[in-house]
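These notes are about the structure you will find just below.
The values are calculated or read from the model by the stated rules, or taken from the named source; none is laboratory data. In this text the structure is predicted, and so the values were computed from the model without any measurement. Neighbour counts run over all protein chains shown; Cβ positions are idealised from the backbone, glycine included. Heavy atoms of the whole protein, side chains included, go into the accessibility calculation; ligands, DNA and RNA do not. Shrake-Rupley method; radii C 1.70, N 1.55, O 1.52, S 1.80 Å.
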Amino acid sequence: MTDEVQETLTFPLAGSSYRCPAPQYAGLRAGGPVVRVRTEGGVDAWLVTAYEEAKEALADPRLSRAETVKPGAPRIGGAMTSTPEMIISMDGAEHARLRRLAAGAFTARRIERMRPGIRRIADGLLDGLAGAADAGATVDLVERFTVPMPLTVIGELLGVPMKVLRLFAAHARDFVTVDDQSEGSDSVNGLAKLNEYMIDVVAEKRAHPTRDLLSDLVEARDSGDRLSEQELVTFAFTLIGAGFDTTANQLASSVLALIAHHRDQWKWLAEDRTRIPRAVEELLRHVNLFSTDSAGNPRIAVEDLELGGVRIAKGDAVVIAISAANRDGGVFTDPDRMDLAREHNPHLSFGHGMHLCLGKQLTRIELEIALDGLVRRFPDLALAVPESEIPWHPGGINHALGTLPVTLKP
């Protein structure tokens, strides 16, 4: 454990893929759980790579997200554009206030009641895929399944019409482009477009409320809750983005990993689909969603503290590498191996502490239902092109497939 800067490494580290985090993490973790690194943003930052220290840092209120969006905050590189009105940019009471408004819609019991509806959505999309399979066509699984399924689910939960969801999906990729906040940039333009769409949807909900989460949020705003109009709009499109984009990317990458590199485990799931819930936890741990580990995770120390045996001073930037923590051999046996039967799996893919993912149970159920449907209907699902020809969206916070061409044999 040292406070010497790792001169040979610049964060974000190169080499991250959907199959594994950047390979340098293992060496860094072996030298100490918290190390100081140079960053693309021109400042030094503390990089947390070990599981216990990552979990501790995620729960420490002295490591602030709100400080990262203030004027003059250090820019470390590789982070998503965010604003003070976003729940991911809030701390303490402000964060709790906003989270409390939506928490009732995401309880485990309420999300479990959504399971039949989610299965209905998935089955409808799978029926369409089966028709294409009968015709012998190659199918883009991203376009036909992994994006529309979670997009439809979150749309029904919030009460957002599909025409708006499609517009949202078209601009969400620009919004999640990392570290480009200049005027006229894709990231800033994407944020403006999402804001514009949600203003219209909120106005419609205010005029014609229905039984959905967005109507509930509008009512909370209008009945005197300390929720500004901009917070309401921003919270709405943040929920959509978190509710569909991350799930869509995780699902697509998981399917690719299984059919391209772990065919035996795909068949193992098809043989006994009761194995799927445990398999989902391993896919969440092993399949690396994050293209840069600063995405959504940079924090600023608001007072001096100690973490992993090093002193972090007030004002220092801290990056928590969740993908590296998920490969910590002190917690996970044979951590670089995908083991869908893994029993002890306390991964941090949904975060920890106050920013623990609000929709974690919804994501789990969607992944379970999606994989169940795919292995049941298409046990011989296979890539239609070499993996090297499959395009990825560049520059985003997550590894995101552009297309996933597959052949289907029902």
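Numbers for the structure displayed
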item	result
Where A108 falls short, out of the listed (1) more than 30 Å from D304 (Cα to Cα); (2) among the aliphatic types (A, V, I, L, M); (3) crowded, with 18+ Cβ neighbours inside 10 Å	(3)
Filtered residue count, segment 387-402, keeping only those that are modelled with pLDDT of 90 or more and more than 15 Å from V147 (Cα to Cα)	5
Selection within segment 111-159 - without any contact (Cβ under 8 Å) to a residue 24 or more places away in the chain and surrounded by fewer than 17 Cβ atoms within 10 Å (Cβ to Cβ)	R113, P116, R120, G124, D127, G128, G131, A135, G136, A137
Checking L63 against (1) crowded, with 17+ Cβ neighbours inside 10 Å; (2) over 21 Å from A313 (Cα atoms); (3) modelled with pLDDT of 90 or more; (4) not hydroxyl-bearing (S, T, Y), the condition it does not meet	(2)
Selection status of R221, at pLDDT below 85, closer than 29 Å to L371 by Cβ and open to solvent by 30 Å² or more (accessible area, probe 1.4 Å)	no
Output for segment 230-248, where each listed residue is of a type in the set (S, T, N, Q) and either over 16 Å from the mean Cα position of the chain (by Cα) or open to solvent by less than 10 Å² (accessible area, probe 1.4 Å) (or both)	Q230, T234, T247
Those helices (runs of 4 or more DSSP H) lying entirely in segment 84-134 with at least 3 residues closer than 23 Å to V147 by Cα	108-113, 115-134
Some residue of segment 289-307 being within 24 Å of A248 (Cα to Cα), out of contact with any Asp or Glu (no Cβ under 6 Å at 6 or more places or on another chain) and not in a loop (DSSP other than H, G, I, E, B)	yes
Residue among V319, V280 that is modelled with pLDDT of 95 or more and either surrounded by 18 or more Cβ atoms within 10 Å (Cβ to Cβ) or assigned to a helix (DSSP H, G or I) (or both)	V280
Count of segment 352-410 residues which are under 16 Å from S254 (Cβ atoms) and in contact with a His (Cβ under 7 Å, 6 or more places away or on another chain)	2
Single condition E306 does not satisfy, out of (1) of a type outside the set (A, V, I, L, M); (2) in contact (Cβ under 8 Å) with a residue 40 or more places away in the chain; (3) over 21 Å from P379 (Cα atoms)	(2)
Selection from segment 317-331 of residues that are touching a residue at least 60 places away in the same chain (Cβ under 8 Å) and out of contact with any Leu (no Cβ under 9 Å at 6 or more places or on another chain)	A317, R327, D328, G330, V331
Strands (runs of 3 or more DSSP E) contained in segment 1-50 and holding at least 1 residues of a type in the set (F, W, Y) and at pLDDT below 90	5-11
Any chance E387 is open to solvent by 10 Å² or more (accessible area, probe 1.4 Å), acidic (D, E) and either out of contact with any strand residue (DSSP E or B) (no Cβ under 9 Å at 6 or more places or on another chain) or within 15 Å of G243 (Cβ to Cβ) (or both)	yes
Every pair of residues 6+ apart whose Cβ atoms lie under 6 Å, when the first sits in segment 335-359 and is in a helix (DSSP H, G or I) while the second is open to solvent by less than 20 Å² (accessible area, probe 1.4 Å)	G353/L58; M354/H95
Condition met for H261 (more than 19 Å from T83 (Cβ to Cβ), within 23 Å of the chain's Cα centre (by Cα) and either at pLDDT below 85 or open to solvent by 60 Å² or more (accessible area, probe 1.4 Å) (or both))	yes
Residue satisfying condition, being open to solvent by less than 20 Å² (accessible area, probe 1.4 Å) and in contact with an Asp or Glu (Cβ under 7 Å, 6 or more places away or on another chain), within set G359, G373, G396, G351	G373
